[in-house]
Each structure stands twice: as structure tokens, then as C-alpha cells.
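S.K.: After the C-alpha cells below, expect a handful of questions from me.
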Amino acid sequence: METPHDRDLLGHVLIPVAHPEDARKTAKELARYDPGRVTTLHVVEKGGGVPDKTPVEHSEEMATESYAAVRDVFPDANEHTAYARNVVEAIFEAAEEVEASAIVYRSRGGNRLLQFLSGDLSVKLVTQADRPVVALPALEDD
């Protein structure tokens with residue numbers, strides 16, 4: 001049985017994106033590494049008993065625009081939308097579902113307080129994943 005560790009690291013990457021500009025920057029930076037297949041993930045954050053952070057329709061529109069931004073760079077990119085309260089768990093579940101060889105993301109930065117308040121998703125991604133996680137370097141215009 002093949003495991004994620006038996007595959008080419010960039011054979012099939014999952015790229016979680018937050019919005020179209022993030023998607024564009026992530027795809028542009030990822031293109032330098034010539035991945036085999038790309039699946040773009042947008043997580044629609046659900047409130048779990050409380051009002052959603054943004055209306056679902058707005059989040060779905062953001063996902064559609066994000067997928068289009070990635071397809072400008074990777075025309076054959078697949079798309080995957082997840083609806084979840086926990087973004088990191090949704091990323092891991094999506095990676096499993098699409099059988100991604102790696103999760104590739106671009107750190108969105110921010111100061112330490114912002115990272116603390118957001119639960120620092122980057123730390124959770126790299127410490128809890130069951131497959132390789134690749135952090136792309138920041139672009140010059142970031």
C-alpha cells in the first residue's frame with residue numbers, strides 16, 4: 001500500500017488559500033517548483049452554533065475567485081471546498097481525501113499578537129500533519 005511518504009513530494013500538492021490575492025501569490029510562488037498536480041483548497045469557516053464569520057455565499061464567491069486565480073497559473077488545478085469550524089483539521093481531512101503528497105502553503109505573516117490570537121495555523125500545520133508540509137518563501141511584494 002502506497003503512503004504519502006512513498007510519493008514524489010510535489011507529485012500532488014494541496015494548497016489551502018484564504019482569498020484570491022493569497023491564491024494568486026501562492027500559485028505564482030509554487031510555479032517555480034513545478035508540481036505535478038495541484039488541488040486548491042478553500043475552507044469556509046462555520047460558526048458551530050454561533051453566527052458564521054462571513055456569510056456562506058460570500059465565502060463561496062471568495063472560493064470561486066480563489067480557484068480562478070490559481071488556474072491562471074495552473075490551468076488544470078482541481079478545486080476542493082471544505083465547510084468546517086476548525087481550519088487546520090479541514091486542511092488535513094482534505095489532504096487525505098484528495099490523496100495529496102504534500103500540503104503547500106504561503107505564510108500570511110502578521111505580528112506575534114496576530115499569530116497568537118489566530119492560534120498560529122502555521123505551527124499547527126507543521127506539527128500535526130500526517131504528510132509533508134512545505135512553507136513557500138515570501139514573495140518580494142509581500
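S.K.: Would you mind listing the helices (runs of 4 or more DSSP H) fully within the stretch 38-142 where at least 3 residues are farther than 18 Å from H19 by Cα, at pLDDT 95 or above and among the small types (G, A, S)? It would help to see each step written out before you state the result.
M.R.: Values: elements: 56-71, 87-98, 112-117, 121-128.
Ranges flagged: none.
S.K.: Sticking with this one: Go through the stretch 68-91 and count every residue that is buried (at least 20 other Cβ atoms within 10 Å of the Cβ) and out of contact with any Leu (no Cβ under 7 Å at 6 or more places or on another chain).
M.R.: 4
S.K.: Identify all residues within the stretch 75-86 that are out of contact with any helix residue (DSSP H, G or I) (no Cβ under 6 Å at 6 or more places or on another chain) and either closer than 25 Å to V123 by Cα or hydrophobic (A, V, I, L, M, F, W, C) (or both); write none if there are none.
M.R.: Quick first cut of the stretch 75-86, residues out of contact with any helix residue (DSSP H, G or I) (no Cβ under 6 Å at 6 or more places or on another chain) only: 75-76, 78, 83, 85-86.
Y83, R85, N86 - these are the residues of the stretch 75-86 that are out of contact with any helix residue (DSSP H, G or I) (no Cβ under 6 Å at 6 or more places or on another chain) and either closer than 25 Å to V123 by Cα or hydrophobic (A, V, I, L, M, F, W, C) (or both).
The values are calculated or read from the model by the stated rules, or taken from the named source; none is laboratory data. Computed from a predicted structure; not experimentally measured. Glycine also receives a Cβ, built like all others from the backbone with ideal geometry; neighbour counts cover every protein chain displayed.
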